[in-house]
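Here the structure comes first, spelled out in structure tokens, and everything after it is commentary.
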Amino acid sequence: MSTDTSTAESTEGATSAGGDASGPTPPSERIVGLDALRGFALLGILMVNIWVFAMPEAVLGNPTAYGDFSGANWWAWFVSDVFFRQKFLALFTFLFGASVVLFTRPDERGGRPTLELHYWRTGWLLVFGLAHAYLLWYGDILVAYAVCGFFVVLLRDLPAKTLATVGLVVLAIPSITEVLAGLTMDPGATSTAWRPVESALQAEIDAYRGGWLEQMDHRLPTAIRRQTIGFLGYSVYRVSGSMLLGMALFKWGFLTNDRSVRTYRRLIVGGGIAGLAVILAGIAFIESADWTYRAGILWRQFNYWGSFALAGAYIGLVMLWSRWRPAGTVTRSLAAVGRTAFSNYILQTVLATSIFYGHGLGLFGRLSRVELLGVVLCIWAIQVPLSVLWLRYFRFGPLEWLWRTLTYREVQPLRVTRTSE
């Protein structure tokens, strides 16, 4: 998938014990490590999404297609590509898979028709995703999550080992296809998607520096392409396979902080070493090949597989940190972002497009990669304290509340109930 984005809140209904059987789980009963991991993933995704918020779409596949790619800007790309690209998307997709298991547990729903609620919930996610993609930003991931969520739920009762095996098989399908295509391709072949002509780049820049209606010249066909050809050729496998892995990781207790300290330490070391080795080998490969299109297709596979190992290391880090400092500032801040992840995902789009698109500051295509890191830090500086402050007064984020209300077809309580009131 060429879009490294987030999803809506991925674990509606996570509990540490008990819970209201007839409705969504109160925030006080949520698993802190799970929420912190989701917040961690949501923030990290922006490090890569910022490229396509601020530059022509081609830079996500080929960073040499636009902008300065030397010196500090190369290092800014290197850090984002090695440590962020696809790793945080993998985390978020794991969590969505976990949410499918959580939400459809019969004992959590008090005998209500769980599949009916799941499909109602997922259907509204699809609506939100389509609105996001066509009205705000073509890089939406919610549509893919919703469509895959309609059928992965049918496998939710399989044993964890079976879910993991099926997930890996599904994930291998686009990888094998791309490797075969790369190996059989003419070494001198190229693609306009890999290296667009100057006129195409300029047309995209002009569109996003223009008003909202002018942006549609690029947004509409791009969103359609991603949700049809892109989905059927790649996204459906990456997303559904990752969801199945997430279901397995949840059942194994990795996502709920139920594994031993030793296990998480092994995950950190093993996942970190394996992931970084594969990813760095990929960068060495593409650099030595001088960023040709054929090499680029093969290079994608290094990050594709290395991202899962490194994402595993991140799971271990967040879980151990949450266990060590469950009430610490970092844990509470990440958990607050995680509990409002749906709202924060859309807020990232609103803030970024207001900075880069013509209806806002119009900085599309004007900032370097180093400067974009500064923009990311500024957006984080808004989202983290805002999430913490919001949850002092409200039980859910605004979009989380709307999603719950639509799912259960009754207005959900929003304000925090204080004992003094």
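The values are calculated or read from the model by the stated rules, or taken from the named source; none is laboratory data. Just so it is clear, the structure is predicted and the values come from calculations on it, not from any experiment. Note that each Cβ is placed from the backbone with ideal geometry, even for glycine, and that neighbours are counted across all protein chains shown.
Val318 versus (1) touching a residue at least 12 places away in the same chain (Cβ under 8 Å); (2) in a helix (DSSP H, G or I); (3) over 30 Å from Gly253 (Cβ atoms); (4) touching a Gly at 6+ places or on another chain (Cβ under 9 Å): which is the lone unmet condition?
(3)
Within region 76-118, track down each residue that is at pLDDT 95 or above and loosely packed, with under 15 Cβ neighbours inside 10 Å.
Within region 76-118, Phe78, Val79 meet the criteria.
So that you can scan it fast, the table gives a plain yes or no per residue for (1) at pLDDT 95 or above; (2) farther than 21 Å from Asn49 by Cα; (3) out of contact with any strand residue (DSSP E or B) (no Cβ under 9 Å at 6 or more places or on another chain); (4) of a type in the set (A, V, I, L, M, F, W, C):
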| position | (1), (2), (3), (4) |
| --- | --- |
| Ala352 | yes, no, yes, yes |
| Ser368 | yes, no, yes, no |
| Val375 | yes, no, yes, yes |
| Ile379 | yes, no, yes, yes |
| Pro398 | yes, yes, yes, no |
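Can you tell me which residue within region 244-297, out of those that are surrounded by 17 or more Cβ atoms within 10 Å (Cβ to Cβ) and among the basic types (Lys, Arg), is modelled with the highest pLDDT?
Top of the filtered list is Lys251.
When residues of region 380-400 are filtered for being of a type outside the set (Asp, Glu) and either surrounded by 20 or more Cβ atoms within 10 Å (Cβ to Cβ) or outside any helix (DSSP H, G or I) (or both), how many remain? Steps first, answer last, please.
Keep residues of region 380-400 that are of a type outside the set (Asp, Glu), which gives 380-399.
From what is left, the residues that are either surrounded by 20 or more Cβ atoms within 10 Å (Cβ to Cβ) or outside any helix (DSSP H, G or I) (or both) are 383, 387, 394-397.
Residues that pass the stated criteria total 6.
Could you list, in sequence order, the residues of region 401-421 that are at pLDDT 90 or above, aliphatic (A, V, I, L, M) and within 23 Å of Leu389 (Cβ to Cβ)?
Correct list: Leu402, Leu414.
Restricted to region 298-322, and to residues that are touching a Ser or Thr at 6+ places or on another chain (Cβ under 9 Å) and over 28 Å from Ala36 (Cα atoms), which residue is surrounded by the most Cβ atoms within 10 Å (Cβ to Cβ)?
Arg300
Answer yes if at least one residue in region 365-377 is surrounded by 18 or more Cβ atoms within 10 Å (Cβ to Cβ), over 13 Å from Ala352 (Cα atoms), under 21 Å from the mean Cα position of the chain (by Cα) and in contact (Cβ under 8 Å) with a residue 24 or more places away in the chain, and no otherwise.
Within region 365-377 (the criterion being surrounded by 18 or more Cβ atoms within 10 Å (Cβ to Cβ), over 13 Å from Ala352 (Cα atoms), under 21 Å from the mean Cα position of the chain (by Cα) and in contact (Cβ under 8 Å) with a residue 24 or more places away in the chain), the answer is yes, since at least one residue qualifies.
I'd like the full set of residues that are in a loop (DSSP other than H, G, I, E, B) and closer than 30 Å to Glu116 by Cβ, limited to region 153-212.
Arg156, Asp157, Leu158, Pro159
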